[in-house]
Amino acid sequence: MSALATIKANSLFGRLMQNARLVSVTGLAQVSVQAIGFASGILVIRLLPTKEYALYTLANTMLGTMLLLADGGISSGIMAQGGRVWQNPTRLGAVLATGLDLRRKFAAVSLLIALPVLLYLLRHHQAGWPVAILLVLALIPSFFASLSGTLLEIVPRLQQEIIPIQRIQVVTNLGRLALLVVSMFTLPFAGVAILAAGLPQLWANRQLTKISGRFADTTQQPDPIIKQEVLQKVKRLLPDAIYYCIWCQFAVWLVSIYGSTAAVAQLGALGRLAITLTLLSTLFASLVLPRFARLPDDKALLLKTFGRISMGLAVVSIAVIGAVFLFSNQILWVLGHDYKGLTTEMVLMMVGKCMSFVASSLFLLCTSKGWVINPVISISISVLSAAIGIGLLDISTLRGIFTLDILTAGVQLAMHAAYALYSIRKVKEQEPEPAALVAY
């Protein structure tokens with residue numbers, strides 16, 4: 001046997017090549033997805049009048065809040081349950097059915113809570129009743145489509161069917177860009193932009209359902225035992241979800257209440273730059289999170305893997321911040337004339353976003369293994385850090401708000417890292433099974 005054939009036959013080499021292929025394909029696809037998404041965002045920024053873009057920012061912010069509230073920890077519970085039975089189509093189908101059933105019920109509550117708040121904020125920024133109502137109606141299809149899509153992706157992610165998911169995402173974003181091009185040049189209104197961005201997800205959900213059907217029995221009904229176990233996770237995660245509904249968009253809420261319509265538009269435009277972190281979050285959720293969820297309960301292996309993941313997240317975040325600092329003038333030029341002179345605000349925003357990205361990634365690693373910090377502890381720490389920051393900083397300016405983001409994100413990062421290490425040290429020592437290691 002030749003040396004080349006010997007290398008190819010080596011199982012470690014095979015796993016490395018498979019991982020390299022997955023990373024390259026996923027990375028290329030996600031770069032395409034995010035490039036298309038960025039082009040869509042810039043198109044909306046440049047073609048919508050400042051007032052319309054401010055309303056668009058408020059509606060998009062509320063959409064994110066509604067999705068967090070409607071999830072309430074369900075996706076984390078389903079990922080944890082699915083990671084246990086990912087090779088059993090019947091049980092995996094029951095897990096998926098249970099998650100979708102719970103999502104529908106949580107979605108109804110989310111709508112009842114969030115829509116009146118959105119109407120108030122739109123009216124606060126001088127949107128007429130017809131405009132405000134049309135914006136709300138345009139938001140609902142996007143809400144339900146996005147809500148189902150995040151759960152439908154869990155099955156193929158657990159099976160590491162990454163390439164089909166990437167293909168669907170590329171086509172969906174191309175469809176979104178095409179609809180935005182047509183609509184923004186003919187009807188440059190916030191409600192039209194919201195609707196055009198959400199409709200392609202309906203097609204994506206149908207495709208994800210087909211892929212899930214290859215690995216999970218989609219005819220299964222919700223399982224009461226699985227439901228009870230997921231709800232146990234939700235009870236621990238829901239308080240955090242409610243907190244994040246408020247805090248993750250806290251900057252927008254502050255500017256919406258105390259700032260001008262132009263400030264809301266500026267905040268929304270700068271927020272578009274965080275699309276790089278969306279790419280990183282997608283890569284993390286596709287390649288890292290499912291594999292960490294499938295790891296055996298072996299302390300040494302978990303600690304080693306967690307350390308590598310944490311180091312990788314830190315290095316990537318520093319690189320992103322450095323790139324934004326070096327090319328700040330060029331980035332602001334892309335956003336347009338209305339947003340020039342925001343260099344310091346942009347860098348501060350990206351520092352906070354990167355720290356939040358690392359913190360949320362560590363949080364997801366914990367929940368994927370069923371480790372959930374007591375919400376009384378986590379929320380108390382978060383609220384205390386926010387209160388201290390509000391007392392020390394001038395939150396009437398974008399710089400003050402972004403500095404507050406950095407402070408609170410740093411506290412979140414330290415808390416989730418400490419809890420992850422604490423949870424790993426509680427795992428009982430055992431020898432990892434060879435099959436489990438191969439799966440990883």
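The values are calculated or read from the model by the stated rules, or taken from the named source; none is laboratory data. Here the structure is a predicted model, which is why all the values come from computation and not from measurement. Note that each Cβ is placed from the backbone with ideal geometry, even for glycine, and that neighbours are counted across all protein chains shown.
Condition check ((1) closer than 23 Å to ILE242 by Cα; (2) among the small types (Gly, Ala, Ser)) across all residues:
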residue	(1), (2)
ALA108	yes, yes
ILE113	yes, no
HIS124	no, no
LEU139	yes, no
SER146	yes, yes
**Asked** Where in the stretch 105-194 are there helices (runs of 4 or more DSSP H), lying wholly inside it, with at least 1 residues that are within 17 Å of MET62 (Cβ to Cβ)?
**Response** 129-152
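Yes/no per residue for (1) surrounded by fewer than 21 Cβ atoms within 10 Å (Cβ to Cβ); (2) more than 14 Å from ALA197 (Cβ to Cβ):
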site: ILE36; (1), (2): yes, no
site: ALA39; (1), (2): yes, no
site: THR50; (1), (2): yes, yes
site: TYR53; (1), (2): no, no
site: THR57; (1), (2): no, no
site: THR65; (1), (2): no, yes
site: ALA70; (1), (2): no, yes
site: GLY73; (1), (2): no, yes
site: GLY77; (1), (2): no, yes
**Request:** Taking the options GLY322, GLY410, name whichever one is modelled with pLDDT of 90 or more, in a helix (DSSP H, G or I) and loosely packed, with under 15 Cβ neighbours inside 10 Å.
**Result:** GLY322
**Request:** From (1) among the charged types (D, E, K, R); (2) more than 29 Å from LEU158 (Cβ to Cβ); (3) free of Cβ contacts under 8 Å to residues at least 24 places away in the same chain, pick out the condition that doesn't hold for LYS105.
**Result:** (2)
**Message:** So, THR282, is that one at pLDDT 85 or above and in a helix (DSSP H, G or I) or not?
**Reply:** no
**Asked** With LEU279, LEU302 as the choices, which residue is surrounded by 18 or more Cβ atoms within 10 Å (Cβ to Cβ), within 20 Å of LYS233 (Cβ to Cβ), touching a residue at least 24 places away in the same chain (Cβ under 8 Å) and not acidic (Asp, Glu)?
**Response** LEU302
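Looking at SER146, SER142, which is the one that is buried (at least 21 other Cβ atoms within 10 Å of the Cβ), among the hydroxyl-bearing types (Ser, Thr, Tyr) and within 15 Å of ILE194 (Cβ to Cβ)?
The conditions single out SER142.
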**Asked** Does at least one position in the stretch 353-370 carry a residue that is within 30 Å of ALA269 (Cβ to Cβ), part of a helix (DSSP H, G or I), under 23 Å from the mean Cα position of the chain (by Cα) and aromatic (Phe, Trp, Tyr)?
**Response** yes
**Fill in**
Counting only residues that are closer than 25 Å to VAL33 by Cα, crowded, with 18+ Cβ neighbours inside 10 Å and of a type outside the set (Ser, Thr, Tyr), the stretch 208-225 contains a total of 2
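Kindly establish whether PRO296 is at pLDDT 80 or above, touching a Pro at 6+ places or on another chain (Cβ under 7 Å) and more than 28 Å from ARG399 (Cα to Cα).
Yes; evaluated as a whole, the condition is true for this residue.
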**Request:** Pull up the stretch 84-96, narrow it to residues that are in a helix (DSSP H, G or I), of a type outside the set (Val, Ile, Thr) and touching a helix residue (DSSP H, G or I) at 6+ places or on another chain (Cβ under 9 Å), then point me to the one that is nearest to ASP71 (Cα to Cα).
**Result:** LEU96
